[in-house]
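Values in this text are rule-based calculations from the coordinates and carry no lab data. Since the model is a prediction, treat every value here as computed from it, not as a measurement. All Cβ positions, glycine included, derive from the backbone under ideal geometry; neighbour counts span all protein chains shown.
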Amino acid sequence: MNRSYVYRYIWFFIGVIINSFGVAFITKAALGTSPISSIPYVLDLHTHLSFGATTFIFNILMILAQVVILKKDYKKIQLLQIVVNIVFSVFIDVSMSLLFWLEPVNIIEKVISLAAGCAILGIGISIEVASGALMVPGEGLVSAIASKLPNMKFGTIKIMFDVSLMLMAAVLSLIISHGINGLGLGTVISALVVGKFVNIYNKHVPLISRIAALRQCA
């Protein structure tokens, strides 16, 4: 195997692990978790399963949805998303455990935790995308939907997907607890801000360019 492939996959999984810490920081801010984690977090709040466990189950469903949508066009290499899912889910729980001390009380502390989470999640996503190795389940599902809707932009579908997840999480929370739990202003802010951090990192962090260059050596 070309050495650049190995490096790309190593960086990809580093990005996945960083993402788990970003999601944990956002969640600990207690202003609502990220859109992609909204349904798993609502289930975590109302079941005996951990945040990582509900994330794993939800991501498996998204992988299965990709297979159903793409059928013969589904690339077998993307089955490695299952491994990605295991790593991400495990480190979600690890991150939440390591951040046991983070219990922001006032709004300033919560906003700082939210901002830190968005910044961390942004660098993780930048590394993932730059590696060009795999797609995480959420992005993979959006990509699968986009392939069947060629007249719509990927970004537009991504926004619609995130909004749909938040609405489903809200409905699920209302059904289970008759209230909105796990969602909030932080969910909306993270949906709007994380992409901005990604753009900043892609433009100003040399490491991102070096990781992306590995694809040209493959």
Review point. When the label point is put 7 Å from the Cα of Val105 along its Cα-to-beta-carbon vector, which residues of the range 27-48 have a backbone N closer than 19 Å?
Key: 28-31
**Study point:** Cα centroid separation, the range 1-71 to the range 87-146 (Å)
**Key:** 8
Revision key, fill the gap. Helix-only [θ] at 222 nm, the chain, -39500 (n - 2.57) per DSSP H run of 4+, per residue, nearest 500, equals -26000 deg cm²/dmol
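Does the range 1-110 come out rounded, prolate or oblate by the C-alpha gyration tensor, with a ≥ b ≥ c the root eigenvalues, rounded set by a/c under 1.5 and, if not, prolate when a/b is larger than b/c and oblate if not?
oblate
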Exercise for review: Would you mind computing, in nm to one decimal, how far apart the modelled labels at Leu45 and Val163 are, each placed 7 Å from Cα along Cα→Cβ?
Suggested key: 2.2
Check your understanding: Per the Debye formula with a single identical scatterer at each Cα and no solvent contribution, what log10 I(q)/I(0) holds for the range 1-54 at q = 0.15, 0.16 Å⁻¹?
Key -> -0.53, -0.57
Practice item. Give, as ranges by residue number, the residues of the range 192-212 whose backbone N falls under 20 Å from the point 7 Å along Cα→Cβ of Ile10. Key: 206-212
Point to revise | Net charge dipole size for the chain [Lys, Arg +1 and Asp, Glu -1 on Cβ; Debye, nearest 20] | key: 880
Review point. Under a no-solvent Debye model with one identical scatterer per Cα of the range 82-194, what's log10 I(q)/I(0) at q = 0.21, 0.22 Å⁻¹?
Key: -1.51, -1.53
Revision key, fill the gap. Residues of the range 8-35 with backbone N under 19 Å of the label point set 7 Å from the Cα of Ile112 along Cα→Cβ are 22-32
Review point. Taking the Cα centre of the range 106-173 as the origin, how large is its charge dipole in debye, to the nearest 20, when only Lys and Arg (+1) and Asp and Glu (-1) carry charge on their Cβ atoms?
Key: 200
Point to revise | Among the listed pairs Lys75/Lys203; Lys28/Lys203; Lys72/Lys148; Lys75/Lys153; Lys148/Lys196, those beyond 25 Å (Cα-Cα) | key: Lys75/Lys203; Lys28/Lys203; Lys148/Lys196
Check your understanding: Looking at the chain, do any whole DSSP H helices span at least 20 angstrom along their long axis by alpha carbon and average 0.0 or above on Kyte-Doolittle, and which?
Key -> 3-28, 51-70, 81-98, 107-131, 154-177, 185-204
Exercise for review: Give the peptides 124-133, 69-78, 168-177 in descending order of average Cβ contacts within 10 Å, highest first.
Suggested key: 124-133, 168-177, 69-78
Practice item. Would you work out which of Gly22, Ile92, Leu79 lies farthest towards the positive end of the dipole of the range 16-103? Charges go on Cβ: Lys and Arg +1, Asp and Glu -1. Key: Leu79
Review point. Once amide H atoms are placed 1.01 Å from N in the peptide plane, what residues at a sequence separation of 5 or more from Ser50, or on another chain, have their amide H within under 5 Å of its amide H?
Key: none
